[in-house]
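Reading through the structure tokens given below for one structure.
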Amino acid sequence: MTVKRVAVVGGGLAGITAALDCADDGAQVTLVEVRPRLGGAAYSFDRDGLRLDNGQHVFLRCCTDYMALLDRLGSRDLTTLQPRLDIPVLAPGAQPARLWRSGLPAPLHLGGALATYRHLSPADRVRAMRAAMALRRLNPDDPWLDTRSFGDWLARHGQGPAAVEALWELIARPTLNLTCDEASLAQAAQVFRTGLLTAADAGDVGWARVPLGDIHDEPARRALTSAGVDVRTGWRAQRVAREGEGWVVNGPSGRLDADDVVVAVPHDRVEALLPPGALAAPERLRGLGVSPIVNLHVAYDRRVMGLPFAAAVRSPVQFVFDRTDSSGLDRGQLLAVSLSAADEDMERRPDELRERYLPALADLFPAARGAHVERFVVTREHAATFRAAPGAAALRPGARTQLPGLVLAGAYTATGWPATMEGAVRSGHTAAREVLAGLTRTPAEGHPTGAVATLSG
């Protein structure tokens, strides 16, 4: 029996997943990654003696495939998962509020939180409950919904600017990496239905207690090597080409011959790697666009926040996390501020961001007013995700290309999820199934819809 040779281009979560699945089925797998690390968009780096994450990637209990991957990597015990959804929501000059769930079945599990949510007026709370029930009845797979704006839908269902900012934007912006006005109604409906409105425990929040590199990079190397995968980091793939009955991946380091290739790189890099005719409509991929994320890492000389994380409303701050322990800071406190849909902040210089966000943090955490900021580090991801805007579902390709033996993986593909760690892992499973099935079917032209997510991708 001939052993199938599979090349996986890209060492993010999608590529790691596809490589493990193919190796488990007996394939001879080689994974190449241009960077010196694995983990893709969820990674850590060293700066001035601190270990920082590029972004605050969290997951939800409904992210079952991502959690299963962590189990496979042996790193799930390095994460925390809330027993029940509980998000502190802060606002300048106001008493904190909470978004939490009870032990009741969905959707009643959120009734208590909405009924007492102090950042909404009593009338807005009632209207928000009605809108949530209407959102729960939507079918995210309806193509018409993907032509509509979530913000427009909210306005038609009685949600004014104050309610959008204090409630809906709080969830939609970090999960879709767009504002409500910019986001597809279909994508938003999937986010809220899957994460909050269908299963009571689906929205419980999880996060890494250690640097992301410690749960993705090193554990993935061990798991892949144990599975027999040849992992080559620092290996740049420049072109995938058909050669005879197989494929070759070319790069400055040489060539890699394979029977099948999984291309698991970001969507804005895919087309340059593929041979002509691989994509039925390359312009669709280009049309997905990109949406940025900015993260601020602020080290204080003392503790200023007594929570593991919090959300903010009526503030430029969106979400803030205590990353003191994971960063290795030996005194004081390190806060990481995650800013999604950060088009404007992408253009601001570090001193401008400092001037904008340090007072905003002091408004939320009074103890910060007398604290000294010892370090202020800015990380920017210009192309953090594709844009989950109206029409995006029709632009997302499936795993199968027009050329047998060549498949795609990545959170941008038609996974049914937006650009998240869960979506990336699911795309890897799908790509592996296509490879292992032999790709003998006629390439499909359709593009299924989908969406739901986790903070910062």
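Annotations for the structure displayed:
- For the chain, calculated [θ]222 nm from helices alone, where every DSSP H run of n ≥ 4 adds -39500 (n - 2.57): -8500 deg cm²/dmol
- For segment 282-349 and segment 40-99, distance of Cα centres in Å: 12 Å
- Additional length obtainable on full extension of the chain from Leu307 to Glu355, 0.36 nm per residue less Cα span: 14.9 nm
- Put a plus charge on the Cβ of each Lys and Arg, a minus charge on the Cβ of each Asp and Glu, and nothing anywhere else: the dipole of the chain about its Cα centre is then about 640 debye.
- Gyration tensor over the Cα atoms of segment 1-139: the corresponding equivalent ellipsoid has semi-axes (square roots of 5 times the eigenvalues, largest first) of 41, 22, 13 Å.
- Per-residue packing, averaged as other Cβ atoms within 10 Å, sorts the ranges 349-360, 152-163, 14-25 into the order 14-25, 152-163, 349-360, beginning with the highest.
- Dipole in debye (nearest 20) - segment 99-202, about Cα centre, beta carbon charges: Lys, Arg +1; Asp, Glu -1: 420 debye
- Cα convex hull, segment 99-202: 85 Å³ per residue, rounded to a whole number.
- Candidate values [x] 139; [y] 118; [z] 181, label of the one derived for volume of the Cα convex hull per residue in Å³: [x]
- Paramagnetic label zone (point 7 Å from Cα along Cα-to-C-beta, Ala227; backbone N under 14 Å) in segment 28-48: 28-32, 39
- Local electrostatic count, Gly228, Cβ distance below 15 Å [Lys/Arg +1, Asp/Glu -1]: +2
- Burial order of peptide ranges 421-429, 180-188 (average beta-carbon count within 10 Å, highest first): 421-429, 180-188
- Modelled spin labels at His382 and Ala281, positioned 7 Å past Cα toward Cβ, are 2.8 nm from each other.
- Value of relative contact order over the chain, rounded to a whole percent, pairs C-alpha under 8 Å and six or more apart: 25 percent
- Mean Cα-pair separation over length for segment 182-300, i.e. relative contact order, pairs under 8 Å, 6 or more apart, %: 13 percent
Every number in this text was worked out from the coordinates using simple rules, so none of it is lab data. Remember, predicted model here, so these are calculated numbers, not experimental data. Positions of Cβ are generated from backbone atoms using ideal geometry, with glycine treated the same way; all protein chains shown enter the neighbour counts.
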